[in-house]
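Trainee: Below: one structure in structure tokens.
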Amino acid sequence: MTERRRAAAIGTTVFFVVAPGVFAGLVPWLMTGYRFEEPIAGWLAMRVVGGVLIGAGLLVLVPAFARFALEGLGTPAPVAPTRHLVVGGPYRYVRNPMYIAVGSTIVGQALLFGQLGLLPYAAAFFAVVSAFVYLYEEPALRRQFGSEYETYRAAVPGWWPRLRPWSPR
């Protein structure tokens, strides 16, 4: 492993613990104590849906983060950006898989634990990250990667995944 890739892997791991760890782990725990509630009778089906959302979120989140170190040779943190535009793995389907995955885990926890107070938090999370994407992240990617990013942006939706993976040509 090259020194650049090793540094990217360490930085990405630290950012993984800090960002999703706080927004999808610490904050929901502080809000709910991860206590199971029964908001309405027959909540079992919603608990199953919640578990699926958490599992799906983690299945997308981990490889999306890994792509930054392996493919981009950088981190998702704005202070240590990638050298290459990350377009592989889950990024072939949607431009913002990490935000969607973190949001999925928050909604999943609301349903799994029956803690509906997490739903407004999930909505606020999506509002804040959407604003961050439109006001900071997309302009920064345009400046850094130019036409390569514009081609990717035109082909891959930001928030609703494609059915078939995009392939750069």
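Trainee: Go through the range 129-162 and give me each residue that's over 18 Å from the mean Cα position of the chain (by Cα), open to solvent by 70 Å² or more (accessible area, probe 1.4 Å) and in contact (Cβ under 8 Å) with a residue 40 or more places away in the chain.
Mentor: Q144, E148, listed by residue number.
Trainee: Next up: Please work out which residue is nearest to I100 (Cα to Cα), limiting yourself to the range 1-34 and to residues that are modelled with pLDDT of 95 or more and open to solvent by 100 Å² or more (accessible area, probe 1.4 Å).
Mentor: W29
Trainee: Taking the stated definitions as given, is L112 surrounded by 13 or more Cβ atoms within 10 Å (Cβ to Cβ), under 28 Å from V48 (Cα atoms) and at pLDDT 95 or above?
Mentor: Numbers: surrounded by 13 or more Cβ atoms within 10 Å (Cβ to Cβ): yes; under 28 Å from V48 (Cα atoms): yes; at pLDDT 95 or above: yes.
Judged against the criteria, L112 is a match.
Trainee: Taking the residues in the range 35-51 that are touching a Gly at 6+ places or on another chain (Cβ under 8 Å) and among the charged types (D, E, K, R) as candidates, determine which candidate is least open to solvent (accessible area, probe 1.4 Å).
Mentor: Looking at residues that are touching a Gly at 6+ places or on another chain (Cβ under 8 Å) and among the charged types (D, E, K, R), I get R47.
Trainee: While we're here: Going by what's in this entry, would A124 be described as of a type in the set (A, V, I, L, M) and assigned to a loop (DSSP other than H, G, I, E, B)?
Mentor: Values: of a type in the set (A, V, I, L, M): yes; assigned to a loop (DSSP other than H, G, I, E, B): no.
Criteria not met by A124.
Trainee: In this structure, does L118 turn out to be open to solvent by less than 60 Å² (accessible area, probe 1.4 Å) and touching a helix residue (DSSP H, G or I) at 6+ places or on another chain (Cβ under 9 Å)? Walk me through it before giving the result.
Mentor: Values: open to solvent by less than 60 Å² (accessible area, probe 1.4 Å): yes; touching a helix residue (DSSP H, G or I) at 6+ places or on another chain (Cβ under 9 Å): yes.
For L118, the condition - open to solvent by less than 60 Å² (accessible area, probe 1.4 Å) and touching a helix residue (DSSP H, G or I) at 6+ places or on another chain (Cβ under 9 Å) - is met.
The values are calculated or read from the model by the stated rules, or taken from the named source; none is laboratory data. Worth saying up front: this structure is predicted, and the values here are computed from it rather than measured. Quick reminder, even Gly has a Cβ in these numbers, built from the backbone with ideal geometry, and neighbours come from all protein chains shown. The accessibility values were calculated without ligands, DNA or RNA, using every heavy atom of the protein model including side chains. Shrake-Rupley method; radii C 1.70, N 1.55, O 1.52, S 1.80 Å.
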